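A quick write-up on the structure given underneath.
Bear in mind that the values in this text are calculations on the coordinates, not laboratory data. Bear in mind the structure is a predicted one, so any value in this text is a computation, not a measurement. When we count neighbours, we look across all protein chains shown, and the Cβ atoms used for this are built from the backbone with ideal geometry, even at glycine.
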Amino acid sequence: MAFWPSNGLLRKSSLRYGSPANTFFLNLQSFRSLHVDSRNRLSTFWAPTGGITPQTAEDDDSHSLLIRGGFLRQAHSGVFHLLPLGLRVQDKLEHLIDKHMRSIGASKLSLSSITTEQLWRRSGRFGANSELLRLKDRKESGFLLSPTHEEEITALAVGIVKSYKDLPLRVYQISRKYRDERRPRQGLLRAKEFLMKDLYTFDYTTNLALETYEKVRNAYAAFFNELRIPYLVAHADSGTMGGSLSHEYHFISQRGEDHLCSCTKCDYVANEEVAEKAAHALSKLINTPEDVIVWTGISKDRSTLVRVYVPRTKVTPYDEEYSKSATGYINIHAVKSVYPELDTSVEKNPVHLLKTSHGNNTLQIIRIFDYRVSPNLEETHQRDAANLTEINNITTHPTTGKPLDLTRIQAGDPCPFCEEGTLTVQRAVEVGHTFYLGTRYSEPMNAMVAVPTQNTSGSTALSGQVAMQMGCHGIGVSRLIGAIASLLSDNRGLNWPRVVSPFECVIIPSRGTEEDAIRVYDALQGVSRTDIEIDAILDDRPIRDPGWKLRDADLIGYPVILVLGRTWKKDRRVEMQCRRLKIKEEIEIEKVREVVMRILERL
């Protein structure tokens, strides 16, 4: 078999393949042309735009755009493949993270994605997490696909760090994590497999650890500022991670699953889980059933029914998902702080679950009252409590002794930190989190270091050991991709910030201007080796017309688009478009680099 010209002449558009008796003609115009040079070309870059995603009521339009734009494809529920465009966005995010981690002296490493049940049992987290992806080897040894690596990094430090002289230690990784997500949704925002940056810090005193924490917060602020997307930093609950201090980093978005409460006057911002509000003036206790909302839950061991009583309000809950149920009015986080054994995963018919779990055995009911509801309220649910002989009433917090405010914060509630402000409530997407862990992991895993003491003669010696003070600090890399896409997309497509865009600029030639487009590409790059390079790509695909390419460029979301159209053919002027800044102008080729650089500096 061989290639040879048809009729003795080599035609640019076709070749014959095969023997004379069995000849196939190849139309070269239907194939991707391959150019090998230093320029970025879409003819040699795989960007399969036009993908189709199933549409459901929960689908995020931006997730559909990521698929249609050729950034990713779904492999399974909650599992995605990144395509070349998506990988370029991810690589640029990682490069930006590396830059800011270096600024605080952090070293990059890579921990195994597989960890053992034994380590998680030592830390006490194994039984507390229902979203662990678990597996066993042929010896029936228990392993996990790690959702986070506090146990592994602590075990690693135990074998290496022995003295305070080895500290501070700051190490980070950017790696895949896994979660047995019950209901994956919103694409990259809630997936079973996701990419995260985790920074782990070790110090030997609380003061040093808190200094490190502030340095990390400053690095996070610099990182998010460089994205040039508005964000909020909120006080947060540490949850199962442990520790006493944490902050979340959020993008405000109607697609978010978190609720942030912020003051209209002061700088108070907090996640709903830990947000406070000033108490409303109380004239008298509510003691009529029709003025009270009752929410029912159950304990983790299924032995206790939990009833929560809050005043009925005329204000509609801001969370539409729960606006027609009692859950929309109850602050579950406040209830759980009063009764930690509450199982928040049970959403339907806890009374039936209680009875089926324990039959006719004598069980108990705990009644928790908001400070505005009288504990002498007539019980209207006795039919549910026929066998609940042990009834306990809770009216104050068991730890602080303060009256209980069990209602969700609503817009207009008074701020707890200033006299003038009121609270607003916004949906948000969490994209980063910083935790001061203290000795939450170092103590149970015996991560100790020898520390200095000063003897009577004034000399310093190593005497005694202390548990290392730890911090862990995460950034959701794949979640950031989904969140940025959601925030900046419009009805024409995606719209990336310059710092993470797959390419900063695309050049689209019209027919007959292909060679001129190369000149424009080269003009963008400057003439000196010291010139800052513009990350451009040339759309030299031969099988598409300029109109299609322009729509494709809008879909992909390049910050700047350069078109060689009518104005180029008429007077050698390039049309520059920047959708995000709403700019469209015609520029001479000699000024292309200067103008594009000026636009990119604003993005």
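Structure data summary
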read-out: Karplus-derived 3J(HN,Hα), 6.51/-1.76/1.60, for each residue of region 180-189, Hz, glycine and proline x; value: 7, 5, 5, 9, x, 7, 6, x, 6, 6
read-out: Sequence-distant residues sharing a close amide H with TYR204 (under 5 Å, placed H); value: GLN469
read-out: Amide proton proximity set for GLU257, modelled H, under 5 Å, gap of 5+; value: ALA428, GLU430
read-out: Formal net charge of residues neighbouring ILE534 (Cβ-Cβ distance under 13 Å; K, R +1; D, E -1); value: -3
read-out: Within straight-line cross-link reach of LYS197, lysines at Cα separation under 29 Å, skipping those fewer than 8 residues along the same chain; value: LYS92, LYS99, LYS108, LYS136, LYS162, LYS165, LYS177, LYS215
read-out: Full-stretch length increase - GLU140, THR206 - with 0.36 nm per residue and alpha-carbon distance subtracted; value: 19.7 nm
read-out: Cα→Cβ-extended label distance, 7 Å offset, between ARG572 and HIS76, nm; value: 5.9
read-out: Among beta bridges that DSSP assigns inside region 502-600, antiparallel share in %, nearest 5; value: 55
read-out: Hull shadow area, averaged, region 93-167 [alpha-carbon convex hull, nm²]; value: 7.1
read-out: Length gained when the stretch LYS162-ILE391 is fully extended (0.36 nm per residue, less Cα-Cα span); value: 77.2 nm
read-out: Coordinate range along principal axes, alpha carbons of region 502-600, Å, largest first; value: 36, 26, 22
